[in-house]
Structure formats: C-alpha cells, structure tokens
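Take a look at the structure set out below.
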C-alpha cells in the first residue's frame, strides 16, 4: 500500500508489512471504527471521509511508528517514505510519532480533519527536535490546461535554491524559474503552470544559468496531465560524502478523465 522510492526498499518492505497487518486487524472492526481503510473488504470510502497520508522527511530519525491516540496507524516508517492516502472519519485528532518498537514519543500534533479533504502529515527536522506538520493537500483539479505543483524544502544539507521546470526540448538558459530562493522549511503552496513535459532542475539561488552551470539537482523528464496536482519534497541525499539533495514526489490529485 505504500508508495516508496527505490533507495528505501528494505525500510519500505517492513513498513508495508506492518501496514498490511494493521489493515487486517482493522478490517475486523465495525464500520464506525476510526479508520475505514480501502484495503478492507466490504468497507467503502465515501466523500464524507477525510484522507491522510504520512511523509517522513527527517534526515536522521530512526524507524518511526505512527499513532492516533493509542491506535497504531503505521510501523517502522523510513526516511523518504510517502504512504498511500487512508480514509479516516472527520474529527479532531492527536497524532504522535514514536521511535519504532518503543513507547518513546518524539513528536505530536493536533488537528481537525474536515470531510472530503486530503491531508499530509509531514515528519520533519532532525531527530533531536522532530516535528509534525499537518498540510492540507489539493484534491481538486488544477485550472483547465494547467497543473498544480507545490514545493517543500526539507533539505538541510544544501543552501537556498531556485526552482526551474525545463520544458521538453528546451535548455535551462532559456527558461525562467517558477520559484526563487526556496529555503529550508519553506512551503511554496500550489503554483499553477501549463501542462507539459518537464524536467525539474534546482540551482543555487541567484545563479544566472549558462551552458556550464552545474545544477544542485536534475530530475527525470516527466509528462503531467491536465488538472494534476503534485507535491515535491526536497530532502537530504543519503550516503554521500558531499552533501546533496534528492526530491520525492507525492501524487496529490489526478483527474479521472485527464489527458496530456
């Protein structure tokens, strides 16, 4: 059920297994129970429910268990993990993060979830000062002919960057940034850009691109459908002697009838 990235395979496998076990246990509960999970046979989500997912962007935290009150929602989440959305009854909740397999609470956050809305619970900052930030995600289509993109900087290993979306067939030198001076802990909110095929490129803030510019980050070329919404989270690059950045992408919304 998890949507994870390749470098997290071992951690993600543990997380997926724990989540499936949790789903199996919750499937035995009445429909009025806290979570009405899509993985449960006979339980159908409705527009009156909220949706939540968890994003682990803490660069040095251990494996994390995630709770609502005393109810475990996920086990042993690893750095860079983005879970699937899970339906939950609209209400006010207290979410907590614990070091995996322990009762040690590392962070808590309280929030009221509204019906028919989607939320991300972002686990960020270093393990010594772990934080939970609850974000409302876009669950409606972007304006016709456009896509919505949100950028969140959780990469403590790099300085501020300018964000470029390079259309297919064009060069960095011919494009203006979609956002400048993206700094640690900044959330740009959703930016609407024309549909198309783009390569995400990050360069140090203030850089005037030339043919010899070395980007801080260059992603793969991706085609985005009309109406889509995405969240891009900058996180530290792991296992490198030189600090770097990687980007994980969360799929917030895709129109059922979208075309490129």
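A few comments on the model shown:
Residues are listed down the side, and each one gets a yes or a no for (1) under 18 Å from residue 148 (Cα atoms); (2) touching a helix residue (DSSP H, G or I) at 6+ places or on another chain (Cβ under 8 Å); (3) touching a residue at least 40 places away in the same chain (Cβ under 8 Å); (4) not assigned by TED's automatic domain parsing to the domain that holds residue 57:
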{"position": "198", "(1), (2), (3), (4)": "yes, no, no, yes"}
{"position": "219", "(1), (2), (3), (4)": "yes, no, no, yes"}
{"position": "222", "(1), (2), (3), (4)": "yes, no, no, yes"}
{"position": "226", "(1), (2), (3), (4)": "yes, no, yes, yes"}
{"position": "234", "(1), (2), (3), (4)": "yes, no, yes, yes"}
{"position": "237", "(1), (2), (3), (4)": "no, no, yes, yes"}
{"position": "248", "(1), (2), (3), (4)": "yes, no, yes, yes"}
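- Flag if residue 64 is in contact with a helix residue (DSSP H, G or I) (Cβ under 8 Å, 6 or more places away or on another chain) and closer than 27 Å to residue 237 by Cα: no
The values are calculated or read from the model by the stated rules, or taken from the named source; none is laboratory data. All figures in this text were calculated on a predicted structure; none of them were measured in a lab. When we count neighbours, we look across all protein chains shown, and the Cβ atoms used for this are built from the backbone with ideal geometry, even at glycine.
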